[in-house]
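Down below is the structure, laid out as structure tokens.
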Amino acid sequence: MTVRFTFLYLLPYLLFGQTFEVSKASKITYYGSHYAHDWQGHSSVISGRILYDADDQTANSCSLRVDLVTFNSGVSNRDSNMLTNLDAFQYPDVMFVSNEISVEGMKASIKGQLTFHGITKDINLTADISVTDGFKAEGSFTILLSDYEVERPALLFKKIGDEMKLKFHIVAK
């Protein structure tokens, strides 16, 4: 019975929607700050899917996952300290799953849940999208580390900034 219900639920998506797999051309960049200097890091190891209905040009859903150990700021000591503070062995990934996506022209308004450091929070973000040669989405959003109960690392007895900006460039084929 459950299999039949699941199939009936997914049938419209199978008939009318197209599933895109996130490709290696995708990238997430994060920006951090400290009174001594600012830095950025990135990861291009992103997995996920985007379901898009070409008939009515709507993105029906998306889910993304990034393994924390793939983020690289170019300074291995900083990266290992951050992984320690993020409890990366206990909470190895960052995940985003959409709840609602509305598309107007080439702009998408996305409501979803971001899971980071074992805590899930509702977030709203916008993205510029393109459906030429696959599916592409670009945008940015900001989180507070304190919202996810992350103990911020310190340098020279001063903690890093609480605010982290994340910029995404998602390419799916």
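Plainly put, the range 91-156 has a radius of gyration that is 1.08 times its Kirkwood radius, both from alpha-carbon atoms, as the Rg/Rh ratio. For the range 66-173, the tally of Lys pairs with Cα-Cα distances below 29 Å comes to 22, considering only residues 8 or more apart or on different chains. Relative to the dominant Cα principal axis of the chain, helix 76-85 is inclined by about 70°.
Once you keep just the Cα pairs under 8 angstrom separated by 6 or more residues, what percentage relative contact order results for the range 16-172?
25 percent
Note on E104 and H42: their simple-model spin labels are 3.1 nm apart, each label 7 Å out from Cα toward Cβ.
Placing dummy labels 7 Å off each Cα toward the beta-carbon, the span from T132 to D162 is 4.3 nm. Counting only DSSP H runs of at least 4 residues, each contributing -39500 (n - 2.57), and dividing by the residue count of the chain, the helix-based mean residue ellipticity at 222 nm comes to -4500 deg cm²/dmol. Sequence-ordered 3J(HN,Hα) estimates for the range 28-38 from the Karplus curve with 6.51, -1.76 and 1.60 and θ = phi - 60° stand at 10, 10, 10, 10, x, 9, 8, 4, 7, 5, 9 Hz, glycine and proline given as x. Placing +1 on the Cβ of every Lys and Arg and -1 on the Cβ of every Asp and Glu, with nothing else charged, gives the chain a dipole about its Cα centre of roughly 300 debye. Fully extending the segment from L155 to K111, taken as 0.36 nm per residue of separation minus the present Cα-Cα distance, adds 12.3 nm.
Evaluated at q = 0.16 Å⁻¹, a Debye calculation over the C-alpha positions of the chain (equal weights, vacuum) places log10 I(q)/I(0) at -0.97. Over all other residues within a Cβ to Cβ distance under 14 Å of S63, the charged ones net out to 0, with Lys and Arg as +1 and Asp and Glu as -1. Note: relative contact order over the range 74-125, using C-alpha pairs below 8 Å and six or more positions apart, is 28 percent.
Values quoted throughout were computed directly from the atomic coordinates according to the rules given, and no laboratory measurement underlies them. Note that the structure is predicted; figures quoted are calculated from it, not measured. Positions of Cβ are backbone-derived with ideal geometry, glycine not excepted, and every protein chain shown enters the neighbour counts.
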